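Data block below; observations after.
Values quoted throughout were computed directly from the atomic coordinates according to the rules given, and no laboratory measurement underlies them. Keep in mind the model is a prediction, meaning the values are calculated, not measured. Cβ sites come from the backbone with ideal geometry, for glycine too, and all protein chains shown count toward neighbours.
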Amino acid sequence: MNKGNKKFYKKMVVIGVIIFCLILAAPFSYVNICPFVWAQQATRVRVRLLCKTDHITLLKACRELLGQADKGAIERKKYQVLDGSSKDKEIVCQFPKPILNLAPNSVYIDDGRVILEMFPYWRHLRPFGFIAYPENFEKPSPDYKYGDREIIDGLSYYDEEYDRSKDYDKSIQKLMQKHSTK
């Protein structure tokens, strides 16, 4: 083998070793990077929900959805919006635009409220979103919690991160102050 071939061979071995190491390291970097990326994505969604959403229009849309359920036009259940089953897609596509524009993962309609959930549990993030109530909603019990933060009368923001930290509302307040468009 001449000198040029030896250099070429050494370079190919080094490149091969680097590629092999990258392949071995990929699953570990995925584990470390993805939660960070998901947390950033969650922050962007929180900003959109809390600072860029027309809350009055959203509440009206949720109440319209509750009205449809009251009339029996749609079932009171959890609808998967982003990755919904084919049987739900026909119904989901008829939801009011302000709800669909938020792109929630799911919309849960029950007897007294609509819950818009932004993240499922399998994403390693705790869910958050809005809970909308009909007009003149009465608490079923004195200790009933509307949500973690009232946005407007009848619409509350909930975030399971509140369960982890007593000071979480300060983080939400800072986020709202930083990104408020008002």
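Here Lys78 and Arg48 are evaluated by their C-beta separation; at R0 = 22 Å the FRET efficiency comes out at 0.50.
FRET efficiency for the pair Asn101 and Phe20, taken as 1/(1 + (r/R0)^6) with r the Cβ-Cβ distance and R0 = 35 Å, rounds to 0.15. Other residues lying with their Cβ under 11 Å from the Cβ of His55 contribute a combined charge of -1, Lys and Arg counting +1, Asp and Glu -1. With the simple spin-label model, which puts each label point 7 Å out from Cα in the Cβ direction, the Ser180 to Ile152 separation comes to 1.6 nm. Subtracting the Cα-Cα distance of Lys139 and Cys93 from their residue separation scaled by 0.36 nm leaves 13.5 nm.
For Ser165 and Ala39, compute 0.36 nm times the residue count separating them, minus their Cα-Cα distance, and round to one decimal in nm. Working shown, then result.
Values: separation 126, 0.36 × 126 = 45.36 nm, distance 1.60 nm.
Here the segment from Ser165 to Ala39 would lengthen by 43.8 nm.
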